[in-house]
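The values are calculated or read from the model by the stated rules, or taken from the named source; none is laboratory data. What you are looking at is a predicted structure, and each value in this text was computed from that prediction instead of being measured. For neighbour counting, all protein chains shown are included, and Cβ atoms are generated from backbone atoms with ideal geometry for every residue, glycine included. Heads up: the accessible areas ignore ligands, DNA and RNA and are worked out on the full protein's heavy atoms, side chains in. Shrake-Rupley method; radii C 1.70, N 1.55, O 1.52, S 1.80 Å.
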Amino acid sequence: MSEDSLVQVENLKKHFPLKKGFLSTVFSGEKETVKAVDGISFHVGKGEILGLAGESGSGKTTTGRLLLGLEKATEGSIVFEGKDLEGLSARELRSLRREMQIIFQDPFESLDPRMTVKEIIAEPLRVQRIARNEEELEERVKDSLKEVEVVPPEEFLFRFPHELSGGQRQRVAVARAFVLGPKFVVADEPVSMLDVSIRAEILNLMLNLVQKRGSSFIYITHDVALAKHICDRVAIMYLGKIMESGESEAVIGTPLHPYTSALVAAVPVPDPKYKRSNVISGEIPSPVYPPPGCRFHTRCPYAHERCMEEEPRLVEVEKDHYVACHLYS
Amino acid sequence: MPPVLDVQDLTTNYLTLSGWVRAAEGVSFKVEPGEALGLAGESGCGKTTIALSLIKLLPRGGVIRKGKILFEGLDLVPLKDNEMRKIRWKGIASVFQGAMNAFNPVFKIGDQIVEAIQTHEKDVDKKSAMARAGNLFKMVGLEPERVDNYPHEFSGGMRQRALIAMALATNPKLLIADEPGTALDVIVQAQTLQLMRELKDKLDLSMIMISHDLSIIAETCEKVAIMYAGRVVEYGDADSIFNEPLHPYTQGLIKAFPSVKGPRVRLSSIPGQPPDLLNPPPACRFNPRCPYVMDVCKKIDPPLTMSGKGDHLVACHLYD
């Protein structure tokens, strides 16, 4: 574990049991599970922006939820500032929550429609008993609205979410996440529901807050182009495993793993002259029965015998550039 | 050859309790044979309204208030429902977003394609219709035997392919694709786009591709119309629009899509948000967000005119 890391994850697994009929459970006896996250290790440095990128079903959202203790891990450990989340009591976990926050994808669903903007942002302050009185509470809420450029704050305090535009809603969600000054924020596809022209604004706003507070930030996305421009480091996930990780410019600019290459090659390029090379075929297999050996071998253009039997380990190929592929080991 | 589709001054509004929502106003464009036109813009810019107007399947309250839709020379606007039925699918076919839900879950996919064929071509018997469905499957890269599958047996990408096969079942002249692949993963989306490009070349299809993602338009279309708040603000060849965007909105939109190929940059955005179309801003609808706004922009509506660079049209006072 390195000195300056805030979160350290070791061999993290999350298997969701699959609901089956009563009879088939009795007769077959075995329990099937969806292996959403299946043994990943990584760390997040202080003030670092880490991207988790991959297709749907790669386990990136489950990883984010595990990190915040919203989901209980099947196996493995998450160490936050030297404390293992597993052993904490509910009370200790609550005080830790002050330091870790999440921003969800859909601001139309993540805000309670029956709460005013003021109540939404004040709630974390109340739960953590931060403000001494109502006046101080309102001041804190106003300050945080100013920070996310929902101005003038007086005009928005008593509005309900349905009276806000999508962009304003996501700003309120950002304000709520940052109001306690967290050390660690997870954002799960925070702009994919928003219009293109306002996406960049919300992202820049979040990045400014992250920088100002010195928070560590996990950005979960399916968009590798955005990940390259936003993140310091990225981890590319596929079927619950990390396939490649390292500095974002290196991983996405010069990918080593065939899956990362395929993912980057599939991104449409805003240039009519650009001619795309061949796209890999097939779709992501079921996480109930992931392929043996390397999970990507069913779609990999370079797959050979060893890939079908032996699972490749994540090894350092270049400085701080890790790849899980037999081509490099 | 005359254009397959010639839309002139099309104005489609929705009547609501609070008044007319001006979803599309004064929209004109052409689609030449074998050409793909991209309609690009944010949500609420009117691109789907245009698509629904072309096949006259507007939701309740939607009215074409002005303009002409000339499909192979025939104006579709005054046509009655039963006449329109002959144009849809045989003339203009469409693939809408949400491929997941486009098929009826309780019928086999092959049977659904056969139904589409037989509804529009009365003289085709079931056996030859089924054979055609198999051939269509082969054409879109699915195994022909799988016509006997139900929709839930297909993955998202396969359903999208089957949907394209179904749209092409009656050899339409024009295919409208509204956000194809938006709900799919990047790699599957790339596969779908590659398929559409191949089909377009092979069948010499004319196409209208609707998307909010300029990169998708750049990859598939020869012509592009950029829409903002119900109007076309820029229109021209894909090459000239992407290399030399003239309208400040187009410039902002292109910058909002960072390329995966370029070096790491700070993202740029267009401040503000798209207007409320019940009360759009006066004159140029982009003026409240425009970095170059002048007095004239708030008084006179800029017409879509030649910019002096070939067929490249722009609606902006900067080029008066």
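The residues packed around B:Asp178, meaning those with a beta-carbon under 14 Å from its beta-carbon, carry a net charge of -1 if Lys and Arg are +1 and Asp and Glu are -1. Remark on the range B:199-226: accessible area falls by at least 20 square angstrom from chain-alone to full-complex state for B:His212, B:Ser215, B:Ala218, B:Glu219, probe 1.4 angstrom.
Each residue of chain B gets 150 Å³ once the volume of the Cα convex hull is shared out per residue.
Semi-axes of the equivalent ellipsoid for the range B:202-283, computed as √(5λ) from the eigenvalues of its C-alpha gyration tensor and ordered from largest down, come to 23, 20, 11 Å. D by Stokes-Einstein for the range A:94-185, Kirkwood Rh over Cα pairs, 4 °C, 1.567 mPa s: 99 µm²/s. For A:Ser95 and A:Arg276, the difference between the fully extended length at 0.36 nm per residue and the C-alpha to C-alpha distance is 60.1 nm. Check each residue of the range A:267-313 and keep those whose accessible area, probe 1.4 Å, is at least 40 Å² smaller with all protein chains in place than in the chain alone; give them in order of residue number. Buried by 40 Å² or more upon assembly, which counts only protein chains, are A:Pro268, A:Val269, A:Pro270, A:Pro272, A:Lys273, A:Tyr274, A:Arg276, A:Val279, A:Glu283.
Here the accessible area is traced with a 1.4 Å probe on the protein chains. For the protein assembly as shown, carbon and sulfur cover 52 percent of it.
Placing a pseudo-label 7 Å from each Cα along the Cα-to-Cβ vector at A:Thr33 and A:Glu310 gives an inter-label distance of 2.6 nm. Separation of the alpha carbons by more than 23 angstrom is noted, of B:Lys173/B:Lys255; B:Lys30/B:Lys68; A:Lys19/A:Lys72; B:Lys122/B:Lys173; A:Lys142/A:Lys183; A:Lys212/A:Lys319, for B:Lys173/B:Lys255; A:Lys212/A:Lys319.
For helix A:166-178, report the angle its Cα long axis makes with the longest principal axis of the Cα atoms of chain A; keep it between 0 and 90° and round to the nearest 10°. The answer is roughly 90 degrees. Computed on the Cα atoms alone, the convex hull of chain A gives a volume of 170 cubic angstrom per residue.
Quick check on the protein assembly as shown: of the DSSP beta bridges with both residues there, what percent are antiparallel, nearest 5%? Given both bridge residues lie in the protein assembly as shown, the antiparallel proportion sits at roughly 60 percent.
Between B and A, roughly 4000 Å² of accessible area is buried in total, ligands, DNA and RNA not counted and the probe set to 1.4 Å. Relative contact order for chain A: what percent, with Cα pairs under 8 Å and sequence separation of 6 or more? Over chain A, the number comes to 21 percent.
Rolling a 1.4 Å probe over the protein heavy atoms gives chain B an accessible area of 43 Å² per residue. Taking the C-alpha atoms only, the angle from helix A:134-147 to the longest principal axis of chain A is near 50 degrees. Accessible surface area normalised per residue over chain A is 45 Å², counting heavy atoms of protein chains with a 1.4 Å rolling probe.
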